[in-house]
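Here is the structure we will look at.
The values are calculated or read from the model by the stated rules, or taken from the named source; none is laboratory data. From a predicted model like this one, the values you see are computed outputs, not experimental measurements. Positions of Cβ are generated from backbone atoms using ideal geometry, with glycine treated the same way; all protein chains shown enter the neighbour counts. We work out accessible area using only protein heavy atoms, side chains counted, and drop any ligands, DNA or RNA first. Shrake-Rupley method; radii C 1.70, N 1.55, O 1.52, S 1.80 Å.
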Amino acid sequence: MHQPKGTKLPADIVIDLGANLNVSGFRYLPDPTLWGPGIINAYRFYVSTDNINWKLVSQGEFSNIKNNPLRQTKTFAAINARYVKFQAVKNIENNDNIGYAEFDLITQ
């Protein structure tokens, strides 16, 4: 999956979990094709109980993802949320292409 043409960074994916769950991390797998376009290397991850007020719970970079585009796992202290927002801040190409092969949540 890729963001539509014309989408500018930062670009968000918001997921409604359907119920409050204890979220403790996520996994991101970039496009598995060789040098797939839109590999994210900087992100922010937010949670919310109401889809209005958001709390930043994780941010950073995926180290060496350009040379090693494998599944990335980020964990943090469990927090109760119904909504999550993964925000792509920057990609390895320094343009606005963003792609995802998979995005998974870690819940307890």
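Summary of computed values
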{"item": "Among residues of segment 80-97, those that are without any contact (Cβ under 8 Å) to a residue 60 or more places away in the chain and within 15 Å of the chain's Cα centre (by Cα), counted", "result": "1"}
{"item": "Of all residues in segment 99-108 being open to solvent by 50 Å² or more (accessible area, probe 1.4 Å) and assigned to a strand (DSSP E or B), the one that is nearest to PHE45 (Cα to Cα)", "result": "ASP104"}
{"item": "Enumeration of residues in segment 33-56 that are farther than 20 Å from LYS5 by Cα and at pLDDT below 95", "result": "LEU34"}
